[in-house]
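For reference, the structure is listed below as structure tokens.
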Amino acid sequence: MSTLPTPADRDATPTREPAVTGVDGVPPRETAVAGDGVPLRETAVADLVRAADRAATELLVPPAATLGHAAAARLGDVVPAPEQVHPVPGADHRLGPDTVIRVGADPAARAVADQLAALLRPATGYPLPVTDLADPESGGGITLTLTDDEALGPEGYRLDVDRDAVRVTAGAPAGLLYAVQTLRQLLPAAVESATPVPGPWILPGGSIVDRPRFPYRGAMLDVARHFFPVADVLRVIDHLVRYKLNHLHLHLTDDQGWRIAVDAWPRLTTVGGMGEVGDGPGGSYSTADYQRIVRYAADRHVTVVPEIDLPGHTNAALVAYPELAPEGVDPPTPYTGTEVGFSYVDPASERTYDFIADVLGEVAAHTPGPWLHIGGDEAFKVKGEAYTGFVERVQRLVAATGKTVVGWHQIAPAAHAEGRVLQWWGTTPDDPTTAEAVRRGARVIASPANLIYLDMKYAPDTPIGHDWAGLIDVRRAYDWDPGSHLTGVPAEAILGVEAPLWTESVTSLPEIEFMLFPRLPAVAELGWSPRSTHDWAGFRERLAGHAPRWTTAGITFHAAPEVPWPVAIGPGTAPAATIPTQPTGQAPPTAPPIPAGDPIPAGTTTRVEGPPGADGAISADGAITPDEA
């Protein structure tokens, strides 16, 4: 029997349900049986002590005054919005010190159960043991079960909450993980605390059936303009998982720095990695560093998409290996500015393709996901047939690694390669070149720069970021449809949505978070939720409830004025962190264009980087506590 909703179900509006409370807040334990068959009450005295202690705590510190307990959660208070919500008043479930998490034998499902326990233990202080699903003595509690219901797909799930138990079913471990994120949001915001805090820990009763609209939901982090250490990248992965995003695109190479080790070309990092915008020290990831990122992401069902930007944006590589530059070009020097389009590897040289084959081969070998991103944008010096010929050859090199090629939409004029994906970052929906590439078989990741480029400022006075693609407040990031945005591109050709964060003016983890939040959850809802649930008024109310969660978790965020935040979270009420101004650096070096063919066809767009913003402050808690499981 299918668990998918009817049209009426999709339009269901959740209602507020009263919380369930007991006499002392602790449910009775199951009766244990001794080896001789005589029933006995296990640890009865300990139960009474816990119950008395909890009752006393709640009398001294009323739940409404406790961090994150100001308002009871409703079943529909979830971001992204679930596909189907059926609240059941009076069926709320209360976690307690005896709650257990039960899961089947599948190792990946067991890993999700362990992650759930790790999420809940710090704030609740409960042991939350993970036990075998078949254990008859651990009934009730929270159960995670894999099912053969194909209607849920590889990422869908069903969540059922009643007074006796919490049951999660999914077709694959990824679905279990996304159900865990829903459970996390349905608990009080205090669940984000790193230390024990008073309860009660109540889940609203009812059922949710949920699955994503698009298979690809992601964000991009530019680690080339400014380098960010592994711990910062892991923290970003945690943010993606929180909102059911499943791809992290890492922009690993650019004019300012080369960030990933390649054994066959060691100077790429030892020389090319030593710089960044504003004359900072730069840095790079060793093979072990990159594998750690990939492994951490995979454990959370996030696919890493590595980008090696070609043929332009290659100054750092050319500084390391000048022989890759075209003949007649002066030896390049390190570049710490923010201009684009001046550098390129020689598309007419065989050594260029030997270099690319080595780089892509090593990166592919360390990347379990199916994608290799080859960049391809803003190669202003490589034109016409020289450009398309270069792209077509690099596409074949990607295919030789067993991966599928992804590129910015400027690669659209090149011949189609099997499975090719174009990442579209234009600012106007009419792009006949991309539409024609789709007719030839390409799929599209929607990343319109004027809607979800997260390096764009929220408002004119945003202290960091750019405005060349416009100002992007939360509503602008939310109020569009990836499935119908591009003229001549049908919804079925849209693989998904990705929000890039370029880092010319972003220098630290708090600044990354400031630009991600609260716009990242808006993008997540576009990628996950059915279009029928799209509603700005409802979204802004649900989003507002996440501010206490972010504050408790130490996540920096922008208190956007269009969102009705809780009174205590308003602008100017939280500690401020100064955001420094970054210098633009030197002017770009000059290089002659390659005299070949016609210019790049109409319909492509150019990203022109604006200057970094002025000094300012952000209203949020800047505490940083990355935690690798």
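The 3J(HN,Hα) values that the Karplus relation (6.51, -1.76, 1.60; θ = phi - 60°) gives for segment 253-260 are, in residue order, 9, 6, 4, 7, x, 10, 10, 10 Hz. Gly and Pro appear as x.
In a fully extended conformation the segment linking R440 and A544 would gain 33.1 nm over its present Cα-Cα distance, using 0.36 nm per residue. Taking the DSSP beta bridges with both ends in segment 84-210, the antiparallel portion is around 60 percent. Summarising the amide proton neighbourhood of G257: residues at separation of 5 or more, or on other chains, whose placed amide H is nearer than 5 Å comprise A316.
Rounded to a whole number, what is D in µm²/s for segment 84-210 from Stokes-Einstein with the Kirkwood radius over alpha-carbon pairs (37 °C, 0.692 mPa s)? Don't skip to the end; give the middle numbers.
Numbers: Rh = 14.5 Å.
Calculated translational D: 227 µm²/s.
The accessible area of R295, taken with all protein chains in place and a 1.4 Å probe, comes to roughly 130 Å².
Using the heavy atoms of the protein chains and a 1.4 angstrom probe, tell me the accessible area per residue for segment 84-210 in square angstrom.
Numbers: 4180 Å² over 127 residues.
Per-residue accessible area for segment 84-210 comes out at 33 Å².
With the highest mean first, a sort of the peptides 120-127, 476-483, 506-513, 253-260 on other beta-carbon atoms found within 10 angstrom per residue produces 253-260, 506-513, 476-483, 120-127.
Stokes-Einstein diffusion coefficient for segment 399-502 at 37 °C in a medium of 0.692 mPa s, Rh from the Kirkwood formula over Cα pairs: what value in µm²/s?
Values: Rh = 14.4 Å.
It comes out at roughly 228 µm²/s.
Of all DSSP-defined beta bridges confined to segment 147-305, some 55% are antiparallel rather than parallel.
Once all protein chains are placed together, R440 keeps about 90 Å² accessible to a 1.4 angstrom probe. Database remark: amide H of T303 closer than 5 angstrom to the amide H of H247, L248 (H placed geometrically; neighbours at sequence offset of 5 or more, or on other chains; Pro and chain starts carry no H).
Look at where the Cα atoms of segment 195-217 and of segment 470-533 average out, and the two centres are 22 Å apart.
Over segment 142-270, the alpha carbon radius of gyration divided by the compact-protein estimate 2.2 N^0.38 Å works out to 1.40.
Phi angles across segment 208-216 convert, under the Karplus curve 6.51 cos²θ - 1.76 cosθ + 1.60 with θ = phi - 60°, into 3J(HN,Hα) values of 10, 10, 8, 7, x, 6, 10, x, 10 Hz, Gly and Pro given as x. In the neighborhood of P566, defined by Cβ-to-Cβ distances under 12 Å, what is the net charge if each Lys or Arg adds +1 and each Asp or Glu adds -1? Result for the local shell: 0. Of the whole protein surface, E392 contributes about 50 Å² of accessible area at a 1.4 Å probe radius.
Sequentially through segment 350-367, phi angles give Karplus couplings (6.51, -1.76, 1.60; θ = phi - 60°) of 5, 5, 4, 6, 5, 4, 5, 4, 5, 5, 5, x, 5, 5, 4, 5, 9, 10 Hz, Gly and Pro residues having no value and appearing as x. Considering only the Cα atoms of segment 273-359, their convex hull presents on average a projected area of 6.9 nm². Of all lysines in the structure, the ones whose alpha carbon falls short of 28 Å from that of K383, not counting any fewer than 8 places away in one chain, are K403.
The values are calculated or read from the model by the stated rules, or taken from the named source; none is laboratory data. The structure presented is a predicted model; accordingly, all values stated were derived computationally and were not measured. Note that we place each Cβ from the backbone using ideal geometry, even for glycine, and neighbour counts take in every protein chain shown. What goes into the accessible areas is simple: the full protein's heavy atoms, side chains included, and nothing from ligands, DNA or RNA. Shrake-Rupley method; radii C 1.70, N 1.55, O 1.52, S 1.80 Å.
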